[in-house]
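The values are calculated or read from the model by the stated rules, or taken from the named source; none is laboratory data. Remember, predicted model here, so these are calculated numbers, not experimental data. Using ideal geometry, Cβ is built from the backbone for each residue, glycine included, and neighbour counts are taken over all protein chains shown. All accessible areas refer to the heavy atoms of the entire protein, side chains included, with ligands and DNA or RNA removed. Shrake-Rupley method; radii C 1.70, N 1.55, O 1.52, S 1.80 Å.
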Amino acid sequence: MDQKQILKLDPIIHAPTRLAILSILITVENANFTFLKESIGTSDGNLSTHLTKLETNNLIKIQKTFKGKKPQTICAITGKGRKAFTKYLEQLEQIVQMQKDKT
Amino acid sequence: MNNNQIQQEISIIKEMIDKTRKETAESGLFFIAIGLVSIFGTFIIGMLEYFNLNHLALPVMIIMLIVNGIIGYFTVSRQDKKEKVKSYHKTILYNVLFCFTVPAILIIFIFPLLKVYPWSLIPVLVSVLMGIMIYVTGVILEARFFLWCSSAWWAGALLMALVSGTPRIFIMVTILLFGWILPGLILNKQYKNRSK
């Protein structure tokens with residue numbers, strides 16, 4: 001990977017809320033909307049917007065179900081999302097290394 | 001992208017992973033509850049043996065199994081209701097625990113009833129099986145102390161094979177304390193520390 005490629009981070013992941021969503025989902029089977037909202041500390045509307053963006057790009061899948069009588073939204077990372085997040089982490093690592101080499 | 005931005009991104013990732021870990025930590029209450037019921041049941045079986053009421057041991061074992069099954073069912077269903085996050089390790093753990101109950105039923109009830117081996121062999125075989133289960137649980141939960149607890153079960157199995165009568169009850173209770181309740185208490189302590 002050359003320097004230009006390394007510095008070109010995936011714009012879909014390169015946003016704090018979306019990065020936080022994927023950081024949670026990469027470690028679990030699935031997480032519900034409430035947990036994501038509480039952990040990230042964001043509003044319903046903002047979280048919905050970011051989830052939709054990730055879903056549109058096939059990085060996560062969203063399922064609307066019922067737990068008893070309560071409706072709930074469950075999110076899980078997809079295979080594509082897992083690959084994209086891993087690549088993103090590798091790029092971050094390489095940027096850190098490049099900056100270390102500079103200094 | 002400057003250094004500050006990278007550090008910020010890394011801290012977001014770390015913070016989210018930490019929060020998820022706290023949410024998915026195992027409370028250990030399942031182990032403590034089942035351990036206490038089993039110790040109580042073992043004492044009763046010991047007393048029955050002491051007073052030559054061996055014919056009542058089987059019903060006590062059945063009651064113990066049912067009570068433990070109920071505890072297991074309520075623990076899992078309660079967690080399922082409260083659960084905001086479904087983790088891979090918990091799904092694997094509950095499936096492993098469930099899959100061990102089938103051989104446990106075969107070893108404790110079916111095989112002795114079919115006279116495959118004498119009733120006296122049950123505690124030895126159960127200890128061997130429990131040792132395997134605790135070891136697997138330790139691997140799933142990445143808890144090294146579980147591996148030591150599984151050794152307690154296997155050492156207990158060996159000791160129980162060498163002795164007979166009342167000392168077996170004390171050995172079994174000791175194993176239940178060190179090989180089942182103690183890991184539950186350690187898990188619970190870790191769970192509380194993470195929740196702080």
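Among the trypsin sites (Lys or Arg not before Pro) in region B:42-115, those placed in a DSSP loop whose Cβ has at most 10 other Cβ atoms within 10 Å are B:115.
For the protein assembly as shown, go through all pairs of different Cα atoms, get the mean of 1/r, take its inverse, and jot down that Kirkwood value in Å.
Values: mean 1/r = 0.0446 Å⁻¹.
About 22.4 Å for the protein assembly as shown.
What do you get for chymotrypsin sites (Phe, Trp or Tyr not before Pro) in region B:44-145 restricted to DSSP loop and a cutoff of at most 10 other Cβ within 10 Å of the site's Cβ? Before the final figure, lay out each step's value.
Details: sites: B:50, B:51, B:73, B:74, B:88, B:94, B:98, B:100, B:109, B:119, B:135, B:145; in loops: B:51.
Sites meeting the loop and neighbour criteria: B:51.
Give me the net charge of residue A:83's neighbourhood, meaning all other residues with Cβ under 15 Å from the Cβ of residue A:83; Lys, Arg count +1, Asp, Glu -1.
Values: positive: A:61, A:80, A:82, A:87; negative: A:10, A:90.
So the surrounding residues net to +2.
Under the rule a/c < 1.5 gives rounded, and otherwise a/b versus b/c splits prolate from oblate, where does chain A land using the Cα gyration tensor? Since a/c reaches 1.5 and a/b is larger than b/c, the shape of chain A is classed as prolate. Its Cα centre serving as origin, region A:34-103 has a Cβ charge dipole (Lys and Arg +1, Asp and Glu -1) of approximately 340 debye. At a threshold of 40 Å², the residues of region B:85-114 that become less accessible to a 1.4 Å probe in the full protein assembly than in their chain on its own are B:85, B:86, B:88. Protein heavy-atom surface of the protein assembly as shown, 1.4 angstrom probe: 64% of the accessible area is carbon and sulfur, with nucleic acids and ligands not counted. 3J(HN,Hα) couplings calculated from phi for region B:130-147 with the Karplus curve 6.51 cos²θ - 1.76 cosθ + 1.60 (θ = phi - 60°) are, in sequence order, 4, x, 5, 5, 5, 4, 4, 4, x, 5, 5, 7, 6, 10, 5, 5, 5, 5 Hz; Gly and Pro show x. What net charge is computed for the residues neighbouring residue A:11, neighbours being all others with C-beta under 14 Å from the C-beta of residue A:11, Lys and Arg scored +1, Asp and Glu -1? Spelling it out: positives minus negatives among the neighbours equals +2. Largest first, the extents of the alpha carbon coordinates of region B:10-77 on the three principal axes equal 66, 21, 9 Å. Within region A:3-103, the trypsin sites (Lys or Arg not before Pro) that combine a DSSP coil assignment with at most 15 other C-beta atoms in a 10 angstrom radius are A:8, A:69.
How big is the dipole moment of the protein assembly as shown about its Cα centre under a simple scheme where the beta carbon of each Lys and Arg is +1, that of each Asp and Glu is -1, and everything else is neutral? Debye, nearest 20, please. Could the numbers behind the result be given before it?
Numbers: 33 positive and 18 negative charges, 146 e Å.
In total the dipole reaches around 700 debye.
Gain on full extension, evaluated as 0.36 nm per residue between residue B:63 and residue B:193 minus their Cα-Cα distance, stands at 43.3 nm. Among the listed pairs B:19/B:81; A:37/A:64; A:64/B:14; A:37/B:82; A:8/A:53, those whose Cα-Cα separation exceeds 21 Å are A:64/B:14.
The residues of region B:1-32 occluded by other protein chains by 10 Å² or more of accessible area, set against the chain on its own, are B:1, B:3, B:6, B:9, B:10, B:12, B:13, B:16, B:17, B:19, B:20, B:23; surface from heavy atoms, 1.4 Å probe.
If r is the Cβ-Cβ distance from residue B:101 to residue B:144 and R0 is 25 Å, what FRET efficiency results, to the nearest 0.05? All intermediate terms of the calculation are to be shown ahead of the outcome.
Numbers: r = 25 Å, r/R0 = 1.01.
After rounding to 0.05, the efficiency reads 0.50.
Once you have the alpha carbon radius of gyration of region B:28-195, what is it after dividing by 2.2 N^0.38 Å, with N set to its residue count?
On the way: Rg = 16.2 Å, N = 168, 2.2 N^0.38 = 15.4 Å.
Here the answer is 1.05, to two decimals.
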